[in-house]
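Every number in this text was worked out from the coordinates using simple rules, so none of it is lab data. Computed from a predicted structure; not experimentally measured. Cβ coordinates were reconstructed from backbone atoms using ideal geometry, including for glycine residues, and neighbour counts include every protein chain displayed.
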Ligand code: FPP
Ligand code: MG
């Protein structure tokens, strides 16, 4: 035995060496599987069929079309990290997926990206027509806020209100809507700068990922400082997420992605790879993930899920 190995004194004082129980490495695959199942069940229950069936059917079609459920899982993980429970954050986790889904329904419309496939299925407007798809998106957006307000339990009204305000800001012109407007305006513009591209990604993608983590932490009872710190983690993974999305659009296939590949080139969209090249874009994504993980250091092992989720974002293939 070397002096570095731990030794536990036994009752007989003989000092039999006993290693402390090994800490199992964090199993992200099992964690994602379990959380995805929780979220699927919760989403299905959150939005039952009702009259008028056409719009409820359209809302459920896109909401329950699978997907990684990364946003709700981030929300639950942040809530638990700061000492809250899954139950406190579950309605907001569902609301975040409703908002994400509605943004994709609208993003795929003929007036925006005009896409035929999403999550391996026909897009909402291809199945239900454009008017119903617009309304299904609107219905999901409104219901997301109603659901947080009415279904959240075990959290003070003040914290629920703060979570609702975070969601509103992330969705509106200061967030997703603003990012999408600049994205559409810069399509086909060869002079789009890296600064504009970063604005687009931070608003169109990172704003909602940030809201996932900051609502989760807020509902779990975190201090303002911790909410802000976790927000920085989320902004960095959000930007990295979109850089990887840009890379996959070039390097992957429609089958693997479940949505049309090669669209950015067709639409002459400025992307990280088009401005920086593939290798530098990958480096940038890795640097951002390191920056994100640096924000988690003070939480130690408790932050293993958020840390592993950050790594998963750069390693993902779809
Ligand atoms: C996908 O980007 C689209 C988004 C991340 C969000 C788009 C936002 C809107 C349509 C605004 C929604 C309105 C409200 C009120 C929230 P992409 O086209 O780069 O990626 P894709 O390849 O997955 O389509
Ligand atoms: Mg699109």
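One table, with the values for the structure above:
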{"read-out": "With Cα atoms, 0 to 90° folded angle of helix 86-107 axis to the chain main axis", "value": "30 degrees"}
{"read-out": "Value of Rg/Rh across segment 267-318 [Cα atoms, Kirkwood radius]", "value": "1.11"}
{"read-out": "Nearest 10 degrees, 0 to 90: helix 278-294 Cα axis against the chain principal axis", "value": "50 degrees"}
{"read-out": "Gain in span if fully extended, residue 302 to residue 198, counting 0.36 nm per residue against the direct Cα distance", "value": "34.4 nm"}
{"read-out": "Fewest-first ranking of 265, 32, using other Cβ atoms within 10 Å as the exposure measure", "value": "265, 32"}
{"read-out": "Cα coordinate range in segment 72-158, projected on the principal axes (Å, largest first)", "value": "43, 23, 17"}
{"read-out": "The chain - mean residue ellipticity at 222 nm from DSSP helices (-39,500 (n - 2.57) per run, n ≥ 4, rounded to 500)", "value": "-20500 deg cm²/dmol"}
{"read-out": "Segment 156-207 - Rg (one decimal) and Dmax (whole number), Cα, Å", "value": "14.0, 49"}
{"read-out": "Scaled radius of gyration (Cα, divided by 2.2 N^0.38 Å) that segment 127-247 gives", "value": "1.20"}
{"read-out": "Inter-probe distance in nm under a simple model that places probes 7 Å from Cα toward Cβ, at residue 316 and residue 149", "value": "3.1 nm"}
{"read-out": "For segment 177-318: span of alpha carbons on each principal axis (Å, largest first)", "value": "45, 28, 26"}
{"read-out": "Segments 304-310, 237-243 sorted - mean Cβ within 10 Å per residue, highest first", "value": "237-243, 304-310"}
{"read-out": "Cα shape, segment 132-184, gyration tensor, a/c 1.5 rule", "value": "oblate"}
{"read-out": "Three-way shape call for segment 36-195 based on the alpha-carbon gyration tensor, with the a/c threshold at 1.5", "value": "oblate"}
{"read-out": "Kirkwood hydrodynamic radius (C-alpha pairs) into Stokes-Einstein, segment 211-279, 20 °C and 1.002 mPa s, D in µm²/s", "value": "153 µm²/s"}
{"read-out": "Whole-Å semi-axes of the ellipsoid equivalent to the chain (Cα gyration tensor, √5λ, descending)", "value": "37, 25, 18"}
